[in-house]
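Notes follow the structure.
A short reminder: the numbers here are calculations on the coordinates, not readings from a lab. Note that the structure is predicted; figures quoted are calculated from it, not measured. No Cβ is skipped: glycine too gets one built from the backbone with ideal geometry, and neighbour counts run over all protein chains shown.
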Amino acid sequence: METLGSNYLDSVIKLFRYYKELADRAVAGLSDEQLNWLYNEQSNSIATIMKHIAGNSISRWTDFMNSDGEKPNRDRDGEFEHTAMDKAVLLEFWRKGWQCLFDAVSALTDADLLHIIYIRNEAHTVTQAINRQLAHLPYHVGQIVFVAKMLSGDEWRSLTIPKKTRI
């Protein structure tokens, strides 16, 4: 029998999968150079954003029921340092971050949703932590898609519902 909690968990897993797939499709055809491209020194490359998403997810969802979601070994500032990354290495780290999130959320039950966990020493229910991540990741996926679209120019193919063409 489906419960409100199981419905919620199924729904968030589908949303996380949707946003991962959106980003995956946006970067699929990009070169190493494009992934590491910067608009200016204040902006982030797609590679930097992907590195941040992976680092954030690994920190947040590793042993999250028992330890703070901001792990002492995480180098958040380092995630935002622009260092060129090889696409294969980047995609492996990206996959690891998402897998950590999916493994953690998929293992949850209704009873876990009100459990108190900590992120940066701030108490959250598991539901609040999931919602926090569900707001954070799409924000960055939107950045990835936007930059990928700019870099692709006329080669861009819509990832969702394409614009109607005018005749």
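Annotations for the structure displayed:
- Listed residue (Trp156, Thr125, Gln99) projecting farthest to the positive dipole end of the chain, Cβ model: Trp156
- Magnitude of the charge dipole, segment 24-167, Cβ model with Lys/Arg +1 and Asp/Glu -1, debye to 20: 640 debye
- Expressed as a whole percent, the proportion of Cα-Cα pairs in segment 61-167 lying more than 21 Å apart is 51%.
- Candidate cross-link partners of Lys71 among the lysines, defined by an alpha-carbon separation under 24 Å and a same-chain spacing of 8 or more, comprise Lys20, Lys51, Lys96.
- Value of [θ]222 nm, deg cm²/dmol, for the chain, DSSP H segments ≥ 4, -39500 (n - 2.57) each, nearest 500: -19000 deg cm²/dmol
- Euclidean distance between Cα centres, segment 98-145 to segment 63-79, Å: 13 Å
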